[in-house]
Amino acid sequence: MADSFSLQNVLDNFKSCLNDHKEVCLKYYISGWRELVSFMNSLGSVFAFISKDAVNKIQILENFLTGENGTHYVTVQSMVKYELDNELVDLTKRGSHPESGCRTLLRLHRALRWLQLFLESLRTSTEDSKTSVMCSDAYNASLAQHHPWLIRKATGMAFCALPGRDTFFEVLNAGSHEEVVTLLGEALPLISEVYQITEDVSPRQNKAEEG
Ligand code: 1PX
């Protein structure tokens, strides 16, 4: 729920994400994204088109996880292995598996890189830093290269509607500015580790880009 969002919840999900074998548990990965999307929804309807796409992707993964082959979707590692072994991924272009787990995860994985860059610049920002600039710098260095012109334009316009840094810190609902910065300092290594482990999963997975 939007009004129950707290940065701590996001942190907790990413903390639970890695199991003892350093595999990424899809359940917590999905919950982490759900929290982030609920936060984004609270920022206003201008973000609805982003939210809709994110929810759609989260739902695809959740359906796999709760579906009849759910045991193969417990971790990112087992999902990738299962889909590749069973040729359930379109490796070069969109084909018979337009909504595979691998393809869908790759979109969220790229968005996680955006989040990592954005939160890092938020953490190290100063009073006169602008959230819209931090957000679009992070976007340009990550997701933008995978998006067509129209999406880049729409996204750029949505960024302009972001609240200023002070309000943004408040809606993160994690205490004073100093406390938010501390929490971001705790969250970032976890998010980075989840990102890196996913990134290392399978070079072949990255070829699922067009599919
Ligand atoms: C603690 C502060 C956190 C802020 C939380 C914000 C959560 C953001 C969640 C964004 C998830 C975006 C997933 C995008 C996946 C994607 O790249 N989809 C595109 C490709 O999909 P396709 O199936 O066609 O291959 C799709 O075309 C995307 C459409 C919508 C635009 C996506 C723009 C993403 C911008 C991310 C920045 C969000 C800014 C939120 C402001 C706080």
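The values are calculated or read from the model by the stated rules, or taken from the named source; none is laboratory data. Because the structure is a prediction, the values reported are computed rather than measured. Positions of Cβ are backbone-derived with ideal geometry, glycine not excepted, and every protein chain shown enters the neighbour counts. All accessible areas refer to the heavy atoms of the entire protein, side chains included, with ligands and DNA or RNA removed. Shrake-Rupley method; radii C 1.70, N 1.55, O 1.52, S 1.80 Å.
Mind checking the full-extension length gain between His177 and His21? Use 0.36 nm per residue of separation minus the Cα-Cα distance, one decimal, nm. Don't skip to the answer; put the middle values down first.
Numbers: separation 156, 0.36 × 156 = 56.16 nm, distance 3.50 nm.
Full extension from His177 to His21 adds 52.7 nm.
Taking all protein chains in place and a 1.4 Å probe, what share, in percent, of the accessible surface of the chain do carbon and sulfur account for? Write down the numbers at each step before the final one.
Working: 5680 of 10790 Å².
Here carbon and sulfur together make up 53 percent of the probe-accessible area.
Any of Lys27/Lys81; Lys22/Lys130; Lys22/Lys81; Lys57/Lys153 with alpha carbons more than 25 Å apart? Name them for me. Don't skip to the answer; put the middle values down first.
Values: Lys27/Lys81 17 Å; Lys22/Lys130 36 Å; Lys22/Lys81 16 Å; Lys57/Lys153 21 Å.
Where the Cα-Cα span goes over 25 Å, the pairs concerned are Lys22/Lys130.
Measuring with a 1.4 Å probe in the full set of protein chains, what accessible area per residue, in whole Å², belongs to the chain?
Value for the chain: 51 Å² per residue.
Report Rg(Cα)/(2.2 N^0.38 Å) for the chain, keeping two decimals.
Values: Rg = 17.0 Å, N = 211, 2.2 N^0.38 = 16.8 Å.
My calculation over the Cα atoms of the chain gives 1.01.
So between Ser121 and Val74, what do we pick up on full extension, going 0.36 nm a residue minus the alpha carbon distance?
Working: separation 47, 0.36 × 47 = 16.92 nm, distance 3.21 nm.
Stretched out fully, the Ser121 to Val74 stretch lengthens by 13.7 nm.
Can you compute the FRET efficiency between Gln196 and Glu87 using 1/(1 + (r/R0)^6), with r the Cβ-Cβ distance and R0 = 30 Å? Round to the nearest 0.05. Write out the running numbers ahead of the final one.
Working: r = 27 Å, r/R0 = 0.91.
FRET efficiency, Gln196 to Glu87: 0.65.
With +1 assigned to the C-beta of every Lys and Arg and -1 to the C-beta of every Asp and Glu, and no other charges, what is the dipole magnitude of region 27-75 about the Cα centre in debye, to the nearest 20? Don't skip to the end; give the middle numbers.
Working: 4 positive and 4 negative charges, 16 e Å.
Here the size comes out at about 80 debye.
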